[in-house]
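Engineer: Submitted below is the structure of interest, expressed as structure tokens.
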Amino acid sequence: MGIKKIVITGGPGTGKTSIIKELLRRDFVCLEEISRQVILDAQKQGIEQLFLTKPLLFSDMLLEGRKKQFFEADAYTCKLTFLDRGIPDVVAYMDYLGTNYPERFVEACKNYSYDHVFILAPWQQIYVSDNERYENFDQAVKIHDHLVNAYTEYGYDLHDVPFGSVESRADFILNIVDNL
């Protein structure tokens, strides 16, 4: 059996990046979120909120980046690779915005599948806005619902990660992966 691709997803500000950093600290292979880099690159070109002003262009860039990460995961010699978000996240965010999108987005969700998906629920206690995260907490809750719908629609059984310390959340994920 090949490398297991494990997605960690959730709305903005749910602790995904912190968990990825903890897994990296523990020497697991992790592919980090690419949307922040896409946003920063657009801002350097004078586009403050590419996701809002040109959602299809932004989503195309994310789709290509996530497909690249999907194949990049196969290049490692470990048994697990963790990804900060997956391809269905792109569709979920476009659904959240009400953006129409071409069939290639749906086909990518069908053709590139992950072994396990962990989802983090909105957690107001840790939620913080920043330069690349412009959604408020209520919007984060709605995005979470779209993420659940998208991943469920493409046949995934989601593992809900409970609130807790970064270490305990990483332990939770690793315990489930070890027992599957």
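Engineer: Tell me which helices (runs of 4 or more DSSP H) are completely within the stretch 1-92 and hold 1 or more residues being under 25 Å from E103 (Cβ atoms), or say none if there are none.
Structural biologist: 35-44, 50-53, 55-73
Engineer: A follow-up question, please. Could you look through the stretch 46-79, keep only residues that are at pLDDT 90 or above and crowded, with 20+ Cβ neighbours inside 10 Å, and pick out the one that is nearest to D178 (Cα to Cα)?
Structural biologist: Ranking the qualifying residues of the stretch 46-79, first place goes to A73.
Engineer: Okay, moving on. Among the residues of the stretch 1-45, how many are among the basic types (K, R) and surrounded by 19 or more Cβ atoms within 10 Å (Cβ to Cβ)?
Structural biologist: Qualifying residue count for the region: 2.
Engineer: While we're here: Is it fair to say A140 is under 27 Å from L50 (Cα atoms) and either charged (D, E, K, R) or modelled with pLDDT of 95 or more (or both)?
Structural biologist: Taking the combined requirement at face value, the residue does not satisfy it.
Engineer: Please go through the stretch 21-50 and pick out each residue that is closer than 19 Å to Y114 by Cβ and touching a Gly at 6+ places or on another chain (Cβ under 9 Å).
Structural biologist: Listed by number, the residues that qualify are I34, S35.
Engineer: Hey, among the residues in the stretch 80-116 that are of a type in the set (S, T, N, Q) and under 19 Å from the mean Cα position of the chain (by Cα), which one's surrounded by the fewest Cβ atoms within 10 Å (Cβ to Cβ)?
Structural biologist: It comes out as N111.
Engineer: Right, next: Anything in the stretch 137-155 that is surrounded by 13 or more Cβ atoms within 10 Å (Cβ to Cβ) and out of contact with any Gly (no Cβ under 9 Å at 6 or more places or on another chain)? List them, or say none.
Structural biologist: Residues satisfying the conditions are V148, N149, A150, T152, E153, Y154.
Engineer: Further, regarding this structure: Filter the stretch 1-33 down to residues that are touching a Leu at 6+ places or on another chain (Cβ under 7 Å), charged (D, E, K, R) and farther than 21 Å from S168 by Cβ and give me whichever is modelled with the highest pLDDT.
Structural biologist: Across the stretch 1-33, the extreme among qualifying residues is K5.
Engineer: Quick one: would you say I8 is of a type in the set (A, V, I, L, M) and touching a strand residue (DSSP E or B) at 6+ places or on another chain (Cβ under 6 Å)?
Structural biologist: yes
Engineer: Further question: Just checking, how many residues over the stretch 9-26 are of a type in the set (D, E, K, R) and within 14 Å of L83 (Cα to Cα)?
Structural biologist: 3
The values are calculated or read from the model by the stated rules, or taken from the named source; none is laboratory data. The structure displayed is predicted, hence computed values, not measured ones. Every residue, glycine among them, receives a Cβ derived from its backbone with ideal geometry; neighbour counts consider all protein chains shown.
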